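Have a look at the structure below, then the notes.
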Amino acid sequence: MIPFTRTCFFLIIVAFGHGVYLNEDTNKEDHREETEDANLKGSTNDNICCIPNQWEGVIYFGYGDVFLDTSGEPNTFFTFVNGTINISYDKTNKKIYMRILGVQLTPLLPHPERVEMTYLFDYVHRIQYEFDDRRCDKSSLDADMAAQCVPVDILSESAGTLGASTIIYTYLYTKQSEVPYTVSASVIFDEIKTICTPIHVSFFNPSVESGSGILYGLDILDVTLGIKDPSIFIPPTSCNGSLQVHKC
């Protein structure tokens, strides 16, 4: 088994730069109205709203992966991971910091395993760093960092209140892939209704294999705008001699 912290697939799901859970808009800067605040970009004709360009927060996540091998080979497995992610998201400078603490449960391991790892995504140089106290690995990033937006072609919209007056909007929409799937995203709008802060995202991504797929949920908590300490995006010195070994 490839340990959870070494798999590229999970990173593609969780990382906010790849445009997986929200509609990606890679040409946003060409057709969105500029404002004085880098965090306040207007929505486009293709999107209802987009998340801030720079923010930090804590994500509580749950992630399940099931593969049912119908070929007769003994490759059927499942894995479940939950925990927290400290995230710093900087679309302006094309960088993401993620500190993951969690627990993985799978019959492929003799007991629940602690997951503790830090990731840096540098989309300027197209390098991903994965490190802990013992090692540092580097891999290449093929995709550019995509803006994260709620598309206009939604399946449904609903609204409710959190506390006395905070209005939360929940959207369902389809993401196109080899097997299309439905995303549920709950957001809070800013005052000018162009920026929406995500508070919950979930989806089930079915596989071409019957009975297989990936299910995950993200609760985004304690969101603050801006980056308090830009040095958080500097990889540790242990990464200086690391070789770039594989692609994600």
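Determine, yes or no, whether Ser207 is at pLDDT below 90 and either in contact with a strand residue (DSSP E or B) (Cβ under 7 Å, 6 or more places away or on another chain) or hydrophobic (A, V, I, L, M, F, W, C) (or both).
The answer is yes for Ser207.
Tell me, which strands (runs of 3 or more DSSP E) wholly within the stretch 125-210 include 1 or more residues that are in contact (Cβ under 8 Å) with a residue 60 or more places away in the chain and among the β-branched types (Val, Ile, Thr)? Can you show your working first?
On the way: elements: 127-131, 136-140, 147-151, 156-162, 166-175, 181-189, 196-206.
Where strands (runs of 3 or more DSSP E) fall fully within the stretch 125-210 and carry at least 1 residues being in contact (Cβ under 8 Å) with a residue 60 or more places away in the chain and among the β-branched types (Val, Ile, Thr), they are 127-131, 147-151, 181-189, 196-206.
Scan the stretch 176-201 for residues that are surrounded by 18 or more Cβ atoms within 10 Å (Cβ to Cβ) and farther than 13 Å from Asp219 by Cβ and jot them down.
Val183, Thr194, Ile195, Cys196
Among the residues that make up the stretch 219-235, is at least one of them in contact with a strand residue (DSSP E or B) (Cβ under 7 Å, 6 or more places away or on another chain), part of a strand (DSSP E or B) and at pLDDT below 85? Don't jump to the end; show me each part of the working.
Residues of the stretch 219-235 in contact with a strand residue (DSSP E or B) (Cβ under 7 Å, 6 or more places away or on another chain): 219-228, 232-233, 235.
Still in the list and also part of a strand (DSSP E or B): 219-225.
From the residues that got through so far, the ones that are at pLDDT below 85 too are none.
Scanning the stretch 219-235, I find no residue that is in contact with a strand residue (DSSP E or B) (Cβ under 7 Å, 6 or more places away or on another chain), part of a strand (DSSP E or B) and at pLDDT below 85, so the answer is no.
Failed condition for Phe78, given (1) closer than 24 Å to Thr197 by Cα; (2) without any contact (Cβ under 8 Å) to a residue 40 or more places away in the chain, with all others met?
Here Phe78 meets the rest and fails (1).
Just the residues that are hydroxyl-bearing (Ser, Thr, Tyr) and modelled with pLDDT of 75 or more, please, taken from the stretch 54-70.
Tyr60, Tyr63
Which one is modelled with the highest pLDDT, of the residues in the stretch 76-91 that are within 19 Å of Asn205 (Cβ to Cβ) and of a type in the set (S, T, N, Q)?
Asn82
Residue under question is Pro112, and the condition is that it be more than 30 Å from Cys50 (Cβ to Cβ), exposed (fewer than 14 other Cβ atoms within 10 Å of the Cβ) and modelled with pLDDT under 90; does it hold?
When the stated conditions are applied, Pro112 does not pass them.
Gly211 is checked against (1) in contact with a Pro (Cβ under 9 Å, 6 or more places away or on another chain); (2) at positive phi and fails just one. What number does that condition carry?
Exception for Gly211: condition (1).
Scan the stretch 62-84 for residues that are part of a strand (DSSP E or B), surrounded by fewer than 20 Cβ atoms within 10 Å (Cβ to Cβ) and of a type outside the set (S, T, N, Q) and jot them down.
Result: Gly62, Gly64, Val66, Phe67, Phe77, Phe78, Phe80, Gly83.
The values are calculated or read from the model by the stated rules, or taken from the named source; none is laboratory data. Everything quoted here is computed from the prediction, not taken from an experiment. All Cβ positions, even for glycine, are placed from backbone atoms using ideal geometry, and neighbour counts span all protein chains on display.
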